[in-house]
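Some notes on the structure that comes next.
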Amino acid sequence: MNTDAVTNAVNFAILVAHRLGEPRVLELSHPQYRQLRRFADPADWSPRSTYRGLRVVETDDDAGRVLVWDRARETEMVQRIDWPAGR
């Protein structure tokens, strides 16, 4: 797996999530979190361990996702991350 595959998957999901509302949280499994930490540009991480302004939470679930706040509906929406094959 290369750098672009991991970061492109996460960044594309964040971009798509903007259509749903305001992205706030990245939920990643521990292996996904390690891959993103390893492959993403260090400038995309803040000292508080946020990625591109989104809080990162490790979960037991294998499906990475972006949690989005939909202001119009006042509810949380979910955008799945299509993780690259061979993760």
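The values are calculated or read from the model by the stated rules, or taken from the named source; none is laboratory data. Small disclaimer: the values here were computed from a predicted structure and weren't measured. We work out accessible area using only protein heavy atoms, side chains counted, and drop any ligands, DNA or RNA first. Shrake-Rupley method; radii C 1.70, N 1.55, O 1.52, S 1.80 Å.
Computed over the chain, relative contact order equals 40 percent, with contacts defined as Cα pairs under 8 Å that lie 6+ residues apart. For segment 12-87, the share of DSSP beta bridges that are antiparallel, to the nearest 5, is 75%. Per residue, the chain exposes an accessible area of 63 Å² to a 1.4 Å probe, with every protein chain left in place.
With θ taken as phi - 60° and the Karplus curve 6.51 cos²θ - 1.76 cosθ + 1.60 applied, the whole-hertz 3J(HN,Hα) list for segment 64-80 is x, 7, 10, 8, 10, 9, 9, 5, 4, 9, 6, 8, 8, 10, 10, 10, 6 Hz, x standing for glycine and proline. Given the choices (i) -0.74, -0.87, -1.17; (ii) -0.80, -0.95, -1.26; (iii) -0.72, -0.88, -1.32, log10 I(q)/I(0) by the Debye sum over Cα atoms at q = 0.18, 0.20, 0.25 Å⁻¹ derived from the coordinates of this structure is entry (iii).
What percentage of the solvent-accessible surface of the chain, computed with a 1.4 Å probe over protein heavy atoms, is contributed by carbon and sulfur atoms? Result for the chain: 46 percent of the exposed heavy-atom area is carbon or sulfur.
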